[in-house]
Amino acid sequence: MFNITDIKKIEMSITGSCNAGCPLCARHITGTSIVRKNINTGHLPLDHFYKFVDELGDNTKNIYNTFCGTIGDPLVHPNFSEMWQKSCESFRRTNVDTNASVRTTDYWTELGLISKHYKNCAITFSIDGLKDTNHIYRVFTDFDKIIDNAQAFIKAGGKAEWKFLVFEHNQHQVEEAKALSKKLGFDNFIEQTSIRFSLKNLERTEKLIEEGTIKGSKRSTDKFKKINQIKSADSVGINDTVERASLKNIESINCKSISQGMLFLSHDSKVHPCCYFDAGKQTQEKQYTDYESNVIKLFGENYNSIVNYSVKDILTNHYLANYLPNSFRTLDNTLCDVCVKTCGVKNKETYWGITNRKQKLEVNI
Ligand SMILES: C[S@@+](CC[C@H](N)C(=O)[O-])C[C@H]1O[C@@H](n2cnc3c(N)ncnc32)[C@H](O)[C@@H]1O
Ligand code: SF4
Ligand code: SF4
């Protein structure tokens, strides 16, 4: 795909554990706070993390690292502060996404001091509302604790961002939350709509916009419809060959990982090209597991393990160097359905391209 010197972005899932119960998170059965069976709730061992970062060598100075995760919250990792320190010290920039309802204020003060010292790292607080609403989506979190933690972090000199996911139940509080974020000393406030919606909700949302009950524009709901159309590419059998591309109605693949020079490290110590593969693996999505079982037959169980290989070896091994990028050219049965769904180009658009654009729209959960 690319050389170690081409890496610009790294995303890390350092744990499969979380204190919260967000009903549209991949860790839960959709719409509930019930953790899916068979998900790996373990933590990335600290020595594997150090090995990975050290093997990137001086290239870390060009890399933007994000601790985010597909099914866990980074702050739950028992060694998070060591990882935060090492990341701030090594990478060009570091960011963390967290629900922030864990740890003591002393712990957050320590994180703030590290942020102040290195000046190249920030924490994004996922706070979707105020005291009376945040817990509606961020189930099991405690607003007062989150604000205490944020204050401790900011007071110690940490750079903080408030990320507000807009739902019908909290949309009336966006301006109030923005004002509170300023008062508390957050450096930034972003609002984003939940992209995990159902078409049924979208139709209702459109009606509410038309009636003037909620804010929103037809242009943005049209965008969401487009996302939905692209995402719902039909699944076809594993034995279909070149016709797969036309069957799936895609023109080509625009791999986000290649376009952005991006690599993903998971808490099971495996390297993936992107978070979409890790999410497929963690949630045992058939579109991914069918694909990976074939890859394992060809390249062995540990083909992407940082325990067995160096980062350089993983990048230059046959799978990442040839097999995967070739599948984007041949569009045959070596192509993964997750790639079709996420990076398949339809009318010059990809799902990831649309979802990465800034959005402002209120959609029900
Ligand atoms: C699985 S979370 C892991 C990080 C952290 N636990 C958090 O929630 O911020 C990864 C990202 O998904 C986002 N997310 C969670 N629920 C979402 C939703 N319904 N729509 C859009 N993004 C969502 C979070 O805000 C976060 O940036
Ligand atoms: S806080 Fe993040 S990881 Fe935890 S349940 Fe919510 S979205 Fe998922
Ligand atoms: S889903 Fe496939 S095409 Fe898209 S970024 Fe990941 S590896 Fe690349």
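Results, tabulated for the structure shown:
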read-out	value
Unsatisfied cross-links (Cα-Cα over 32 Å) in the set Lys163/Lys256; Lys182/Lys341; Lys183/Lys348; Lys51/Lys183; Lys8/Lys159	Lys182/Lys341; Lys183/Lys348; Lys51/Lys183
Stretch gain in nm, segment Asn79-Asp132, where the contour uses 0.36 nm per residue and the Cα spacing is subtracted	15.9 nm
Scaled radius of gyration (Cα, divided by 2.2 N^0.38 Å) that region 43-114 gives	1.09
Charge context of Gly112, other residues only, Cβ under 13 angstrom, K/R +1, D/E -1	+1
Under Karplus coefficients 6.51, -1.76 and 1.60, residue-wise ³J(HN,Hα) of region 149-165 in Hz, glycine/proline x	4, 4, 5, 4, 5, 5, 4, 6, x, x, 8, 10, 10, 9, 10, 10, 7
Nitroxide proxy distance, nm - points 7 Å out along Cα→Cβ at Tyr50 and Lys178	4.5 nm
Total formal charge among the other residues, if their Cβ is under 12 angstrom from that of Cys68, Lys/Arg +1 and Asp/Glu -1	-2
Two-site FRET efficiency, Ile29 against Asp58, from Cβ-Cβ distance with R₀ of 41 Å, rounded to 0.05	0.40
Region 35-186: proportion of alpha-carbon pairs further apart than 27 angstrom, %	25 percent
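No lab work stands behind these numbers, since they all come straight from the coordinates. Quick caveat, the model's predicted, so the values are computed rather than measured. Positions of Cβ are generated from backbone atoms using ideal geometry, with glycine treated the same way; all protein chains shown enter the neighbour counts.
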